[in-house]
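Read through the structure below, which is laid out as structure tokens, and then see the notes.
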Amino acid sequence: MAGQLPDETVEEIRKSNDIVDIVGDYVQLKRQGRNFFGLCPFHGEKTPSFSVTPDKQIFHCFGCGKGGNAITFIMEIEGFSFVQAIKYLAGKSGYHLSDSFLAEGNQSKPSKESQDVLQAFEWLTKLYHHLLRHSKDGKEGYHYLKERGFSDETIDTFQLGFSPKSKTFIMQFLEKKGFHPQSMVKAGVLTTTSDNEVVDRFQGRIIYPIKNHLGKPIAYGGRTISDQSPKYLNSPETELFQKGRLLYNFDLARSHIRKEGKVVLFEGYMDVISAYQAGIKNSVATLGTSITETQAKLLRRYVESVVICYDSDQAGILASYKAAKLLRKTGCNVSVAKMEDGMDPDDYIKKYGPEKFTKDVIAVSDTYMAFIMRYLKKDYNLNLEGDRIQYVENVLDEIALLDRPVEREHFLKELANEFELSVQTLSQEIRSRRAMTGLSQDKAARISHTNKKGLFQNNKLLPAYQNAERQLIAYMLRDPTIAEKVQENLGGSFNIEDHKIIVTYLYAFYEEGYPADVSSFVERLPDASIRSLVVQLAMLPTDEEVSEREIFDYIRIILREKNDKPTITSLMKEQRMAEKQKEPVKAAEIAMKILEIRKQLNDSNH
């Protein structure tokens, strides 16, 4: 599985990457006892069931069952091969890999066409940036950015560039690098005119590289600095670039989002770059479209708190409302920034400066409900009784959806005071609405109830021999001496087929001299479902010290099931034969024998 690398090297790379840090780059984790929990990145959920165990350097989702170590996590979430995952983790930890292994990593990537595009975009991004900073053609674009207040450091950080006004310069550059013009038309950096002439798509525009979460350029945004139309032009969607699935600046913002515990969501890349330069580095943007459910879920996976900071014109306020509703639906704690009418964040920062933007806009954002109330109010003339009643009804509908009782009470009091209504009456309206929509139980209680069931509740539903096998393997994963005792007294005579496979690999693992290390052990298992099962078993609660008697009790229960099951099966065949031959007395006697064996089996299992 380790390709050209020795097992020792794989182990060094794995151990140099803490799984909490690796998973934390993709999931917002919160410590609960000895483990960390978060929302599973592999299936949709609102209550965290995804666990990371730093002691064992493993992860497991109690919802979908996926589990493994840092290497398998990266393979799963990025769609990487083993080689790519090792290469990625080595890069994160500063571990130097051989050139031959790095070459193998490059060759193993899935789509050659996509890799050609990525390579072309790497070259293009460097070229565009060089032209902006160091060429006569790029001076106009460079001066424009400087006039907008962008520093050289910011220009370099975002690799802003310029595409010359020449129709063919970019095409000739790409051809010299070995990229066919038609493939670059498909990639969206070249385009075909009505005369079938292939030309640069972004000629005469400032270039804003759009990168994926790994920091690889996958598309471009171009802004004209002349009278070209349209003013902004993005790459078309491709296999690599799908606007609704990524967020601008997510690659740079990810660590800051994790550190700050919140993200600021903007509408466009100019707002993000201005905010980033102003010190708000946990900022991302949608790419000229409304936020999608995929983007909302991506944000929720990383963070709970989202500050929406869209333009303050009517279109921006409507977009804020839609975004707030969607983000709230995915479980985010939403607040909405407000600015002077008609301003966008970039304009505000230019006019008033970074400090005022941070202090008077971001820091004092409206809560979700305060924004919703303000948004709904614009549609009513509150001097009219009918409008007042309709407004109150609509606000009550929104308050009823709030999870926390203290939030509901706060806004009910605010509503009651504003319209001289009874809090008791409004509370009754809320109870009625929540009962009708199935929200009569508060979220905190519902989550608590879910957790009380326990992550290992299924053990109670399993036969005793199966629980015995699971517990025994859990102890074997923890202690090689226990595994040795089990091997001597039970060998591979487990009843569950997957358990037989696990112990076979585990015996070999210990015989090769490896210490007890679940994270290292799962790396040697070829099957993903077996790996997930091992991680699940490793996370079963076990006593710090286990007696030899308990271990042998488990072995006895397992052997009893294995020995008695064939006997019962044989007797059942005899019983059916007696019934067919019209021998009811004999059939009854056999049935009594079966009952007696089962009784003995049950007694020994308890």
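Across the options MET572, GLY94, GLY492, the greatest Cα extent toward the positive end of the charge dipole of the chain (unit charges at beta carbon of Lys, Arg, Asp, Glu) belongs to MET572. A simple rule links phi to the HN-Hα coupling: the Karplus curve 6.51 cos²θ - 1.76 cosθ + 1.60 with θ = phi - 60°, which for segment 309-322 gives 10, 9, 4, 9, 7, 4, 5, x, 5, 4, 5, 4, 4, 5 Hz, with x for Gly and Pro.
Length available on full extension from TYR514 to GLU304: 0.36 nm per residue minus the Cα-Cα distance, which gives 71.5 nm. Taking every DSSP bridge with both residues inside the chain, close to 75 percent are antiparallel. Listed by chain and number, the aspartates and glutamates whose C-alpha is less than 13 Å from the C-alpha of LYS350, apart from same-chain residues fewer than 8 away, are GLU147, ASP271.
Taking each residue as 0.36 nm, the span from ALA435 to ASP397 lengthens on full extension beyond its C-alpha to C-alpha distance by 12.5 nm. Between GLU420 and ARG478, residue separation times 0.36 nm minus the direct Cα-Cα distance comes to 14.3 nm. Take 474-484, 355-365 and order them by the average number of nearby Cβ atoms within 10 Å per residue, most first; the result is 474-484, 355-365. In this Cβ point-charge picture (+1 for Lys and Arg, -1 for Asp and Glu), segment 95-252 has a dipole of about 280 debye about its Cα centre.
The alpha-carbon of LYS216 sits under 18 angstrom from the alpha-carbons of these aspartates and glutamates, leaving out residues fewer than 8 places away in its chain: ASP25, GLU78, GLU113, ASP116, GLU122, ASP156, GLU237, GLU239, ASP251.
Residues LYS46, LYS87, LYS167, LYS146, ordered by accessible area of protein heavy atoms at a 1.4 angstrom probe radius and largest first, appear as LYS46, LYS167, LYS146, LYS87. Helix 584-604 axis versus longest C-alpha principal axis of the chain: approximately 60°, rounded to the nearest ten. Partners of LYS15 within straight-line reach, counting lysines whose Cα lies under 16 Å from its Cα and excluding those fewer than 8 residues away in the same chain: LYS56, LYS87, LYS92. Expressed in units of 2.2 N^0.38 Å, where N is the residue count, the Cα radius of gyration of the chain is 1.25.
Relative to the longest principal axis of the Cα atoms of the chain, helix 443-453 runs at roughly 30 degrees. Distant-in-sequence amide contacts of ILE210, defined by a placed amide H-H separation under 5 Å and a gap of 5 or more residues or a different chain, comprise ILE218, ALA219, TYR220, GLY221. Placing +1 on each Lys and Arg Cβ and -1 on each Asp and Glu Cβ, with no other charges, gives segment 330-433 a dipole about its Cα centre of roughly 240 debye.
Beta bridges from DSSP with both residues in segment 221-358: antiparallel share about 25 percent, rounded to the nearest 5.
Counting only protein heavy atoms and a 1.4 Å probe, the chain has 50 square angstrom of accessible area per residue.
Explain nothing, just the number: dipole magnitude of the chain about its Cα centre with +1 on each Lys and Arg Cβ and -1 on each Asp and Glu Cβ, in debye rounded to the nearest 20. Walk me through the numbers before you get to the answer.
Numbers: 82 positive and 84 negative charges, 159 e Å.
Roughly 760 debye for the chain.
Would you mind classifying segment 86-241 by shape? Square roots of the alpha carbon gyration tensor eigenvalues, ordered a ≥ b ≥ c; an a/c under 1.5 is rounded, otherwise it is prolate if a/b is larger than b/c and oblate if not. Oblate is the answer for segment 86-241, as a/c is 1.5 or above yet b/c matches or exceeds a/b. Each helix, a run of at least 4 DSSP H residues, gives -39500 (n - 2.57); summed and divided by the residues of the chain, these come to -17000 deg cm²/dmol at 222 nm. With Cα atoms defining each centre, segment 295-312 and segment 174-234 are spaced 29 Å apart in the structure.
The values are calculated or read from the model by the stated rules, or taken from the named source; none is laboratory data. As the structure is a prediction and not an experimental result, all values here were calculated from the model. Don't worry about glycine lacking a Cβ; one is built from the backbone with ideal geometry, like all the others, and counts go over all protein chains shown. Accessible surface is based on the protein model in full, side chains and every heavy atom, while ligands, DNA and RNA are left aside. Shrake-Rupley method; radii C 1.70, N 1.55, O 1.52, S 1.80 Å.
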